[in-house]
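The next block holds one structure in the form of structure tokens; read it before the comments.
The values are calculated or read from the model by the stated rules, or taken from the named source; none is laboratory data. Just so you know, these numbers come straight off a predicted model, no measurement behind them. Cβ: placed from backbone, ideal geometry, glycine included. Neighbour counts: every protein chain shown.
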């Protein structure tokens, strides 16, 4: 199965949270409002894609007929994940590697088990459902595929963006039209610190 986009991962997480925490599935209107979608139709498109991927079940003719798949009969793993400061969703900000806190989380919140969490500062990734104040899960990796969302270090500062590779040219792409792509020059100190694998949004 192909990795979920951050937006679809956020929708799946919201559905699971509503079913597990409130005992009922959200409606399409509630999914659209909670996940920043323009309409119920946009929510339906993502829900059908998640259903086709085998991650949820949709009962025809029911307003709240959405159920996560594979949650019953399987014990989920509990992760203890450290929060290690912050990362910019905007212009890069200075890295803060100090341990801030530790959260105990369900593994099902993430597409991959994260090594640590960083708090997002800024709004350059809002079209991927990554909002200011979110805690993003990061899996340590020095490499990433074209199009993956990564945490990158650029001249000693951290930022979260989509990675774009074209030949030897690297760009860090925001997911907000108000921000320009970051062109990585050959003379800059650049490294991929890890790949995005999900997020936690605290109320």
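Summary of values
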| read-out | value |
| --- | --- |
| Identity of the residue in segment 9-26, buried (at least 20 other Cβ atoms within 10 Å of the Cβ) and in a helix (DSSP H, G or I), that ends up modelled with the lowest pLDDT | 18 |
| Filter result (part of a loop (DSSP other than H, G, I, E, B) and surrounded by 11 or more Cβ atoms within 10 Å (Cβ to Cβ)) within segment 163-188 | 174, 175, 176, 179, 181, 185, 188 |
| Residue match in segment 136-159 (condition: at pLDDT below 90, in contact with a helix residue (DSSP H, G or I) (Cβ under 8 Å, 6 or more places away or on another chain) and farther than 15 Å from residue 196 by Cβ) | no |
| Single match in 38, 49, 32 (criterion: over 30 Å from residue 140 (Cβ atoms), at pLDDT 85 or above and not in a loop (DSSP other than H, G, I, E, B)) | 32 |
| Options 111, 124; residue that is modelled with pLDDT under 90 and either under 21 Å from residue 34 (Cα atoms) or touching a helix residue (DSSP H, G or I) at 6+ places or on another chain (Cβ under 6 Å) (or both) | 111 |
| Segment 121-133, residues that are surrounded by 23 or more Cβ atoms within 10 Å (Cβ to Cβ) and in a strand (DSSP E or B) | none |
